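Single-structure report; data block below.
The values are calculated or read from the model by the stated rules, or taken from the named source; none is laboratory data. Being a predicted model, the structure only gives us computed values, none of them experimental. As a convention, Cβ positions derive from the backbone with ideal geometry for all residues, glycine included, and neighbour counts pool all protein chains shown. Heavy atoms of the whole protein, side chains included, go into the accessibility calculation; ligands, DNA and RNA do not. Shrake-Rupley method; radii C 1.70, N 1.55, O 1.52, S 1.80 Å.
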Amino acid sequence: MSASSAIPPALAEVVRSGFVEGRHRGSLVLLDSDGAVELALGDVTSPVFPRSSNKPMQAAGILRAGLDLAGERLALAAASHSGEPFHRDLVHKMLDEHGLDEELLQCPPDLPLDEAERETYLASGAARSRVTMNCSGKHTAMLAACVLREWPLETYLAAGHPLQRLIHTVVEDASGERVAAVGTDGCGAPLMAISLTGLARAYRSFVLAAPGTAERRVADAMRTHPEYVAGTRRPDTWLMREIPGTLSKMGAEAVQAVALPDGRALAFKVEDGGGRALGPVLGRALGLMGVDAPVVERVGRAPLTGGGREVGEIRAAF
């Protein structure tokens, strides 16, 4: 039986009242500081869609196109933001700075990604918008790069568009792999498939890149302004804020990639897309890498409730 057809190992198990009622299976890879595979669980060499874990590479492609972004603006270009007011405000500012209109954004209208922010937003009477969609910073930066290069705006999400071809090259350069497939992400942007090992190596390459390169500029902006990459109540923000030098980005369908400043890196995907397993798997993986910080326990904790009280947990199974 090939690795790709084998049943993936359990990465997390759901424990309620002392009874294991379910498991989340998937694949995970850990790289040591020299880039060698230290641990591989499941299939870490077949292609997957990294979803929003590809965003640092997309942001680096935007920089390679010549757009001069820095600070919070560059972090937002690599974001799956929570839709908090400071996210929405900066997207509007970036649109204005580049002479763009919100209607040019081709990401779908959406509500804030963060649950608490969503409730506040709806209570205010606001409706779904393209700016509120978690990928709006990336789309704004893509459009701004197209304005700069005089590339077509109407087709900026087409796989054959010059910007998307440039991003395709960045993904291959960073991962050390050929892109195995191109799909369409939830925001409408092209999505490049690579292996989990390639994804971990891409993150490693970003934190180890020479200062001033597009890759290092993206990594530095994300690590300096993590609340713009995610939000005030998000694990990526907590990790990058509390473990100096860490680069972290989740993706839909339960994908996660992290690189530490010394080049150690990880990437995993939960097979069923169960996002509730992300934290426990991530916490355990960081522990195996020797990361000892209070935030690791915070990220890894996933309690289950019954009748309004805690009766169990989702916990790592490796």
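Observations on the model:
- Cα gyration tensor, region 158-256 - rounded (a/c under 1.5), prolate or oblate: prolate
- Solvent-accessible area of S33 with every protein chain in place, 1.4 Å probe, in Å² to the nearest 10: 60
- Once the Cβ-Cβ distance of D292 and A70 is raised to the sixth power relative to R0 = 30 Å, the FRET efficiency obtained is 0.40.
- Amide hydrogen proximity for R23: with H placed 1.01 Å from N in the peptide plane, the residues at 5 or more positions away or on another chain lying under 5 Å are V14.
- Per residue accessible area in Å² of region 164-318, where ligands, DNA and RNA are left out and the probe is 1.4 Å: 38
- Estimated translational D of region 32-108 in µm²/s (Stokes, Kirkwood radius over Cα pairs; 25 °C; 0.890 mPa s): 161
- Coupling constants for region 93-105 follow from the phi torsions by the Karplus curve (6.51 cos²θ - 1.76 cosθ + 1.60, θ = phi - 60°), and in residue order they are 4, 5, 4, 5, 4, 10, x, 10, 10, 3, 5, 6, 5 Hz; glycine and proline get x.
- 3J(HN,Hα) couplings calculated from phi for region 282-288 with the Karplus curve 6.51 cos²θ - 1.76 cosθ + 1.60 (θ = phi - 60°) are, in sequence order, 5, x, 5, 4, 5, x, 5 Hz; Gly and Pro show x.
- Of the trypsin sites (Lys or Arg not before Pro) found in region 225-318, the ones in coil according to DSSP and having at most 13 other Cβ atoms within 10 Å of their Cβ are R301.
- Remark on A79: its backbone amide H falls under 5 Å from those of K138, a criterion applied only to residues 5 or more positions apart or on other chains, H modelled at 1.01 Å from N.
- Quotient of C-alpha Rg and 2.2 N^0.38 Å, computed over region 266-318: 1.20
- For region 110-173, the spread of Cα positions along each principal axis, largest first, Å: 42, 25, 16
- Region 48-83 residues near the modelled A40 label - backbone nitrogen below 16 Å, point 7 Å along Cα→Cβ: 48
- 222 nm mean residue ellipticity, helices alone, for the chain (DSSP H n ≥ 4; -39,500 (n - 2.57); rounded to 500): -11000 deg cm²/dmol
- Its Cα centre serving as origin, the chain has a Cβ charge dipole (Lys and Arg +1, Asp and Glu -1) of approximately 380 debye.
- 3J(HN,Hα) from dihedral phi, region 34-50, Karplus parametrisation 6.51/-1.76/1.60, rounded to Hz, x for glycine, proline: 9, x, 6, 6, 8, 8, 9, 10, x, 9, 10, 10, 7, x, 9, 8, x
- Apolar share of the accessible surface for the chain: 50 percent from carbon plus sulfur atoms, 1.4 Å probe.
- Using alpha-carbon coordinates, inclination of helix 162-175 to the longest axis of the chain, degrees: 30
- Scanning residues 5 or more positions from S195 or on other chains, those with amide H under 5 Å from its amide H are V48, with H placed 1.01 Å from N in the peptide plane.
- Charge context of M94, other residues only, Cβ under 14 angstrom, K/R +1, D/E -1: -2
- Gyration tensor verdict on region 1-148 (Cα atoms; rounded if a/c is under 1.5, prolate if a/b is larger than b/c, oblate otherwise): oblate
- Degrees separating the helix 55-64 axis from the principal Cα axis of the chain, which is the longest one: 30
- Distant alpha-carbon pairs in region 181-318 (separation over 23 angstrom), percent: 36
- Equivalent ellipsoid semi-axes - Cα gyration tensor, the chain, angstrom: 31, 24, 18
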